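Engineer: I am attaching a structure below and will ask some questions about it afterwards.
The values are calculated or read from the model by the stated rules, or taken from the named source; none is laboratory data. Since the structure is predicted, the reported quantities are computational estimates derived from the model, not experimental observations. Glycine gets a Cβ as well: all are built from the backbone with ideal geometry, and neighbour counts include every protein chain shown.
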Amino acid sequence: MADYSVKLLAKKPVTHNVNAYTVEKPAGFTYTPGQATDFSILKEPWTAEKRPFTFTSLPTADTLQFTIKSYTDHDGVTNALTHVQPGDEFEISDAWGAIEYKGEGVFLAGGAGITPFLAIFRDLYAKGQIGANQLFFSNRTTSDIILKEELEQILGDHFFNLISGENAEGYYHGRIDKDFLQKHVTHFDQPFYVCGPDAFTESILKALEELGAKADALVFEK
Ligand SMILES: Cc1cc2nc3c(=O)[nH]c(=O)nc-3n(C[C@H](O)[C@H](O)[C@H](O)COP(=O)(O)OP(=O)(O)OC[C@H]3O[C@@H](n4cnc5c(N)ncnc54)[C@H](O)[C@@H]3O)c2cc1C
């Protein structure tokens, strides 16, 4: 896999702990919506610290974008990213990953796990192909919801928010589990896209299989 040095062009807040980073796109660089890259900050002591992040830009755009949640409770890469400035350099690898669009279905995202789906939805919307895709998006609080207005615009009434950490009016309360899926998903013979923290992905995949979803219709990062 090749590596590329790219400059940060712009950094914009998305939520209280998520920023959008616009970076240069190397000539001829390609990826499909849902794919990720091995990313590092080209400034010591971070150069060797590779972390996976997903492209959230349209593949046709002139620049690349990442949408990254920062964990400021420890000194990792995402905390260091809160201090970078336009002009700073990153290294990225060729694109990789198993998440890609395989037809109309149900998308289940937890927190920053929305990023591959954001890329897929932006691409489908730009092509006028959003269809009947549904998104169930799980967050702890309403302030954690990434790009709610944009997702509402793209998905309309096919966008459902669950909040687990507070009682927020107008939102489903709780987590995505077997009961929730049974109640809110009309049929299990369709693609399911799952992305979130490991425990989120594992528990949802298990519930989906118990509810009759076929293994080859489950799309997730392996
Ligand atoms: C394929 C893929 C694509 C991804 N795409 C995105 C994306 O587009 N956007 C995005 O925001 N994230 C994405 N992630 C997640 C992202 O890679 C991680 O959040 C990131 O690697 C964390 O790096 P870090 O150095 O800040 O934390 P690390 O030090 O690597 O820690 C990893 C996790 O452990 C916990 N942790 C570790 N040490 C401590 C500590 N001392 N105190 C408290 N907590 C601790 C943190 O909660 C953190 O989530 C993706 C992950 C994968 C696998």
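Engineer: Identify, from the list Ala109, Ala168, the residue that is closer than 23 Å to Thr32 by Cα and either within 16 Å of the ligand (Cβ to nearest atom) or part of a loop (DSSP other than H, G, I, E, B) (or both).
Structural biologist: Just a single option satisfies the conditions, and that option is Ala109.
Engineer: A further question on this structure: Looking for whichever is on the phi < 0 side of the Ramachandran plot and in contact with a helix residue (DSSP H, G or I) (Cβ under 9 Å, 6 or more places away or on another chain) here; the options are Glu169, Glu202, Glu221, Glu152. Which one fits?
Structural biologist: Just one listed residue meets the conditions, Glu221.
Engineer: Oh, and also: Taking the range 112-145, which residues are more than 17 Å from Asp157 (Cα to Cα) and part of a loop (DSSP other than H, G, I, E, B)?
Structural biologist: Lys127, Arg140, Thr141
Engineer: In this structure, is Glu152 outside the structural domain of Ser57 (by TED's automatic domain parsing), away from the ligand (no atom under 16 Å from the Cβ) and over 18 Å from the mean Cα position of the chain (by Cα)?
Structural biologist: Criteria not met by Glu152.
Engineer: Answer with yes or no whether Tyr101 is outside any strand (DSSP E or B) and buried (at least 20 other Cβ atoms within 10 Å of the Cβ).
Structural biologist: Criteria met by Tyr101.
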